[in-house]
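A short worksheet on the structure shown next.
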Amino acid sequence: MRELPDETRRALDIPADILALDELQMRRLGYEVVDRVVEHLTTIRDQRALTTGDLALLTAQLGGPIPRQGSPISENLATLADIALANQQHGDHPRYFARVPGPSSFPAILGEWLATGMASVASSWGGGSGPSTLENITCGWLRDALGLAPSCEGVLLSGGSMANITAVITARHHTGSGIIYLSDQTHSSIKRGLLAIGQPPADIRVLETDQTFRLNAVDLEAAIKVDLENGLHPMLVIATAGTTNTGAVDDLPSIADICATFNIWLHVDGAYGGPAALCARGRSVLPGLDRADSFVTDPHKWLFQPYDIACLFVKLPGALEDTFAIHPEYLKDVAGGAVEMQNRSLELTRRSRAVKLWLTFRTYGLETLDAAIDRGIGLAEYAQYQVESDDRLEIVTPAALGIVTFAGINCDASDHVRAAAQLTQDGYAAVSSTVLKGRTVLRLCTINPSTTTEDIAGTIDRLAQFLTRK
Ligand SMILES: Cc1ncc(COP(=O)(O)O)c(C=O)c1O
């Protein structure tokens, strides 16, 4: 028999358990992590909503040369929890009202842990039939609960940015390239994505929204007609169901009619607002979701999931596979099954994001989730009531899908930016300022069901004090 080369023998002398931890140690460390997370969740109300660290200090605490030798894992876990993970926004904090909160729930966290611990994979059917089935089922539950067209097929992606652009790539594959229509309230990630996939800037129409920050259907139709007269190909309309700034919902039925008349693909970005359709009050302001050719919603925003998870639905069966399927020789053994999630987007190796969402649906049930979302809508209405009762403040846009904007009376733009920064720096709460048709305002996004009316009142009162204390 041929002798093995020395270097091969040396490599094989390295113990097979080189990376292993013993069972007791794994359990002890696992419980340590559980304890830390439960402590975070149960004391969160007393913690800061957002902490932004200093780069030099954080680098000194976390960096240094790459370790040649290992160090005790317990100490390293503590460094991660107490330094790295303490210096961030806590989107799950009951007084985190900035941008879009991420109020994840404990069942979803457990689902994420389990999926990671068991190396979940939802790529090929042959290699991930269980997780792929979960994804298929969970997307189907969500599709039906949202009232989307029954033929919609889904795929879970990392966030609204990736899901929206995956929809655009699918639409373009089916309709051919052409003009894309958006509004000035379309999320900025979409414009970035369009440019990244080579959409010529001259073929993007950004239409001005009306006074309620909605895409104006009359203007849209007029723009389409001008392009047709000029021999151009209107290809895609991107409407928004819940804008990030104000929670506005575009007039989907009218826009869908226009798209049907001119044979244009209708994509609806419900990354933020979509989950509201799970409850009756949200559904009542979101008519026409079933008319979308493609639809995106982000469970890591308003469906109580930790980052990351977004869901893209496409109405035309097989359209995702037509666009993204690959059939290389090295995947033949595992391909060709019932659901090939690897063929529904640009992601090949992909963890199962469905585990946490499936566990959330099964644990709480739709009725509890409906109520938790409804509470978020109600909290913004309560915030509006508080602002209206305060003679230092005025409403700019009324509560809509969990978002309300307001301003200080006789205050200028810098007063608002300063007030938001001061409150956030204080640590009591985190809020955003934004600009609406040139006016700088304060904005609360109230989708965390654990927020109390006292949290809202305390935040608004502090903001009013900061605004008026010049
Ligand atoms: C309406 C809307 N679309 C898209 C996005 C982008 O989503 P993500 O940050 O998950 O990529 C957001 C984020 O806030 C959003 O509010």
For Ala81, state whether it is among the aliphatic types (A, V, I, L, M) and within 16 Å of the ligand (Cβ to nearest atom). no
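Taking the range 98-113 as the region of interest, how many residues are closer than 12 Å to Ser352 by Cα and assigned to a loop (DSSP other than H, G, I, E, B)? Walk me through it before giving the result.
Taking the range 98-113 as the starting set, the residues that turn out to be closer than 12 Å to Ser352 by Cα are 111-113.
Right, trim to assigned to a loop (DSSP other than H, G, I, E, B) and you get none.
Total satisfying the criteria: 0.
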Find the helices (runs of 4 or more DSSP H) located wholly in the range 114-201 whose residues include 1 or more that are more than 16 Å from the ligand (Cβ to nearest atom), and list them. 125-146, 160-175
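Here is a yes/no grid of residues against (1) in a loop (DSSP other than H, G, I, E, B); (2) basic (Lys, Arg); (3) surrounded by fewer than 17 Cβ atoms within 10 Å (Cβ to Cβ):
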| position | (1), (2), (3) |
| --- | --- |
| Val396 | no, no, no |
| Tyr428 | yes, no, yes |
| Thr440 | no, no, no |
| Asn448 | yes, no, no |
| Thr451 | yes, no, no |
| Gly458 | no, no, yes |
| Arg462 | no, yes, no |
Meets criteria (open to solvent by 20 Å² or more (accessible area, probe 1.4 Å) and either modelled with pLDDT under 95 or within 16 Å of the ligand (Cβ to nearest atom) (or both)) for Pro306: yes
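Tell me yes or no: at least one residue of the range 268-278 is hydroxyl-bearing (Ser, Thr, Tyr), open to solvent by less than 40 Å² (accessible area, probe 1.4 Å) and touching a residue at least 40 places away in the same chain (Cβ under 8 Å). Let's see the steps before the verdict.
Step one: filter the range 268-278 for residues hydroxyl-bearing (Ser, Thr, Tyr), giving 272.
Add one more test, that the residue is open to solvent by less than 40 Å² (accessible area, probe 1.4 Å), and what stays is 272.
With the extra rule that they be touching a residue at least 40 places away in the same chain (Cβ under 8 Å), the set shrinks to 272.
Yes: the range 268-278 contains one or more residues that are hydroxyl-bearing (Ser, Thr, Tyr), open to solvent by less than 40 Å² (accessible area, probe 1.4 Å) and touching a residue at least 40 places away in the same chain (Cβ under 8 Å).
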Which ones in the range 287-311 are in contact (Cβ under 8 Å) with a residue 60 or more places away in the chain and in a loop (DSSP other than H, G, I, E, B)? Ala292, Asp293, Asp298, Leu303, Phe304, Gln305, Pro306, Tyr307, Asp308, Ile309
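Residue-wise test of (1) more than 16 Å from the ligand (Cβ to nearest atom); (2) more than 21 Å from the chain's Cα centre (by Cα); (3) part of a loop (DSSP other than H, G, I, E, B); (4) closer than 24 Å to Thr170 by Cβ.
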| site | (1), (2), (3), (4) |
| --- | --- |
| Asp219 | yes, yes, no, no |
| Cys259 | yes, yes, no, yes |
| Ala276 | no, no, no, no |
| Gly282 | no, no, no, no |
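The values are calculated or read from the model by the stated rules, or taken from the named source; none is laboratory data. Keep in mind that what you see is a predicted model, and the values were worked out from it rather than measured. Don't worry about glycine lacking a Cβ; one is built from the backbone with ideal geometry, like all the others, and counts go over all protein chains shown. Quick note on the areas: whole protein, heavy atoms, side chains included, nothing else; ligands and nucleic acids left out. Shrake-Rupley method; radii C 1.70, N 1.55, O 1.52, S 1.80 Å.
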